[in-house]
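Structure, as structure tokens:
The values are calculated or read from the model by the stated rules, or taken from the named source; none is laboratory data. Remember, predicted model here, so these are calculated numbers, not experimental data. Note: ideal-geometry Cβ built from the backbone for every residue, glycine included; neighbour counts use all protein chains shown. The area values use the complete protein model at the heavy-atom level, side chains included, leaving out ligands, DNA and RNA. Shrake-Rupley method; radii C 1.70, N 1.55, O 1.52, S 1.80 Å.
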Amino acid sequence: MRVHIAVSSIVLCLLALPAFAQDAVEPTTGAEQTRPTSAAADIPYAEPMPLLEVADDPEAARSIGGPDPSIFGTTRYYADGRVETFTPSDELLAEIHDTRAEISDLPEAIDRNIIGADSRVRIEDATRYPFRAVGYIFAEWASGKRSACSGTLIGKSTVLTAGHCLWAPDWGGRPVLVDFYPGANAPNKMPYGVYHYASFDVFSGFIETYNQAYYNNTAMQTDMAIITLSAPAGGANGTFGYRIDMDDDFDAHILGYPGDKPSMTLWRADCTIPLSRKFPNYLMHECDAWPGMSGAGVYWVDPEGRRYLRGIFVGVSVSVNYALRINPLYMQWIKERTY
């Protein structure tokens, strides 16, 4: 399977970080046994959501001005059809710093997501923590399109994923159905049932600027979403912690549902992310990926064995992959929406 998306150019906006603050939310392991929220049934097939195509050489780009803080407002879509918008909180505004942006050209077409040999590892038993705290996101759109992404439980009723998993203007904008299957590991394996969404939050700037033909500066830095579930999946299955990414090298791991592997199976990719490949609002890395892994968490295991998200997987390029880096701004936004 090959994915070809031709894109001419991209603008990446970077948010300047202050000195690192010790700010983290702790993980939970949940219960050993959980009760499905619905009877076992086949997971509907969906097309894996593509990873977005990102410029390969941001270092060679030029600087431009910073974004309007209003792009970090939030649009909330409820399952009952209601929509609310929220301006950035005072606390979030306090984390919006001077910015700079970089521009570079993309190749005419990109057809790879695996860097070097394929080193991904199949998770055979997804009923164990932390695997049951990762899930398959199924979305259905008014256009009839069905898409699949990956997401991570970070609160009792909270799933963190990518914005482009939940906003697709070419398919009608917002999906009409969003379901989360924690620990799913085959079309007929959903040991903890299905959790329906109550609402989801997307940055307003992403909605205003993103389309499925290109990935501009505002879309890149606002490609994050929070799903609030109608029942507390994380209370039973456990949650990942999340934290402001540190200025260090670290061994990274990604858990998700790549579309080139057996249908709806869970896989892990591993790589080291050096400090030299960290930028204020994104990480460049060589963890292998494929469409379907959009929204997967990039996590680190601390010396005590606790797992913390430090990024969200959003895009690919010719020789490197990309994740949004959890910095103070994203940390504040996530914390305000975690239940």
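Brief remarks follow.
- Cross-link check: pairs Lys261/Lys335; Lys189/Lys335; Lys278/Lys335; Lys145/Lys278 evaluated at a Cα-Cα cut-off of 28 Å; pairs beyond the cut-off: Lys261/Lys335; Lys189/Lys335; Lys145/Lys278.
- Nonlocal amide H pairs with Gly238, under 5 Å, H built at 1.01 Å: Gly30, Ala31
- Here the 3J(HN,Hα) profile of the stretch 293-304, calculated from phi with Karplus coefficients 6.51, -1.76 and 1.60 at θ = phi - 60°, is 8, 3, x, 5, x, 9, 10, 10, 9, 7, x, 8 Hz, Gly and Pro shown as x.
- Our coupling estimate for the stretch 231-244, obtained by passing each phi through the Karplus curve with A = 6.51, B = -1.76, C = 1.60 and θ = phi - 60°, is 8, x, 4, x, x, 8, 8, x, 9, 7, x, 8, 7, 5 Hz, Gly and Pro reported as x.
- Volume per residue of the C-alpha convex hull in the stretch 286-339, rounded to whole Å³: 116
- Descending by average beta-carbon neighbour count within 10 Å, the peptides 278-289, 70-81 line up as 278-289, 70-81, the highest first.
- Solvent-accessible area of the stretch 186-281 (1.4 angstrom probe, protein heavy atoms only): carbon and sulfur portion equals 52 percent.
- Close amide H pairs (under 5 Å, H built 1.01 Å from N) link Ala252 with Cys271, Thr272, Ile273, residues at least 5 positions away or on another chain.
- Sequentially through the stretch 188-205, phi angles give Karplus couplings (6.51, -1.76, 1.60; θ = phi - 60°) of 10, 10, 9, x, 10, x, 10, 10, 7, 7, 8, 6, 9, 10, 10, 4, 4, x Hz, Gly and Pro residues having no value and appearing as x.
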